[in-house]
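One structure is given here, and the rest of the page talks about it.
The values are calculated or read from the model by the stated rules, or taken from the named source; none is laboratory data. From a predicted model like this one, the values you see are computed outputs, not experimental measurements. Here the Cβ is made from the backbone with ideal geometry for all residues, glycine too, and neighbour counts use every protein chain on show. For the accessible areas, the whole protein counts, side chains as well, though only heavy atoms, and no ligand, DNA or RNA atoms are used. Shrake-Rupley method; radii C 1.70, N 1.55, O 1.52, S 1.80 Å.
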Amino acid sequence: MEKVNWVLLRGLAREKGHWAKFDEKMMESFKGEVLCIDLPGAGESLLDAVPLSIRGMTDFVRDKWLRQRNSNRNWSLLAISLGGMIAMDWCARYPQDFNLLVTINSSTKKLSLPFERISPLAVKSLLKTLFINDVYKREELILNLITNHSDVDKEISKEWGDLAKKRQIKIRNFFKQLFAASKFNLPSKIDVPFLILASEKDRFTSSRCSKKIAIYFDVPIELHPTAGHDLPIDDGKWIIEKIKEYIEN
């Protein structure tokens, strides 16, 4: 298989450090360049202004990609949750940029109800994190919410706590990202090959959201039977297998 370069986009209040080595697995599997680009207000972009629209976030991350990439050919885009909304907007507006789009557990205002896009359990847990001063306890709560598998390395939450100590997203930027996500409407079409992945047991965003997007665009969807919202952590190997199957077929 020809090498594939990848852009990876994370979700709400997350940054490149939260991929938990999934980016390394992608590089090893596809033999290409992997760029994990932080959304405005998070990670290396912590101090950048957060646009109040998905369109604005797209422009931000695309500009970073254009400046950071070493190759200008054979790029694909994989994104989770909020990142998936940006990815769909990006591919709709700049279809020449990518050969393949993969979204994971994403959603849209156009097709899904608020409680499908963010579950009552997720709202309760996120509000609780605002009052937890111990970053390690906070990240442990988040990890337990977004993953389902018992074999997930619990040391990940410690690594995330270390990240939070270095560059914790500001609460106002968290709500700006959330506002932009809440207003996202799907583009009318995406002229890029599109594979949707979703977790049937996602306790953060209902898998119904991804199923509706797949029907809307008439594109394939693969459903993981047991994983949670953070599918790359619960079963990154499954993601890579499904992408390879799609490419080879």
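From the list Asn5, Asn72, the one residue that fits, being part of a strand (DSSP E or B) and either surrounded by fewer than 22 Cβ atoms within 10 Å (Cβ to Cβ) or in contact with an Asp or Glu (Cβ under 6 Å, 6 or more places away or on another chain) (or both), is Asn5. All of Asp59, Asp89 fail the test of being more than 20 Å from Arg203 (Cα to Cα) and either open to solvent by less than 50 Å² (accessible area, probe 1.4 Å) or among the basic types (Lys, Arg) (or both), apart from Asp89.
Per this entry, Leu52 is counted among residues that are surrounded by fewer than 17 Cβ atoms within 10 Å (Cβ to Cβ) and in a loop (DSSP other than H, G, I, E, B). Those helices (runs of 4 or more DSSP H) of the stretch 103-172 in which at least 2 residues are farther than 19 Å from Arg203 by Cα and under 19 Å from the mean Cα position of the chain (by Cα), considering only elements entirely within it, cover 155-167. Please find, within the stretch 181-217, the residue that is most open to solvent (accessible area, probe 1.4 Å) out of those that are among the aliphatic types (A, V, I, L, M), farther than 16 Å from Asp89 by Cβ and outside any strand (DSSP E or B). Looking at the filtered set, the residue picked out is Ile215. The set of residues in the stretch 108-118 that are open to solvent by 20 Å² or more (accessible area, probe 1.4 Å) and closer than 20 Å to Thr226 by Cα comprises Arg117, Ile118. From the set of residues in the stretch 16-49 that are under 25 Å from Lys170 (Cα atoms) and among the aliphatic types (A, V, I, L, M), which is surrounded by the fewest Cβ atoms within 10 Å (Cβ to Cβ)? Within the stretch 16-49, the match that is surrounded by the fewest Cβ atoms within 10 Å (Cβ to Cβ) is Leu47. Of all residues in the stretch 18-56, those that are hydrophobic (A, V, I, L, M, F, W, C) and under 15 Å from the mean Cα position of the chain (by Cα) total 11. Can you tell me which residue in the stretch 132-170 is least open to solvent (accessible area, probe 1.4 Å), limited to those that are under 26 Å from His224 (Cα atoms) and small (Gly, Ala, Ser)? Result: Ser157. Candidates in the stretch 218-241 are the residues that are part of a helix (DSSP H, G or I) and surrounded by fewer than 19 Cβ atoms within 10 Å (Cβ to Cβ); of these, the one that is farthest from the chain's Cα centre (by Cα) is Glu241.
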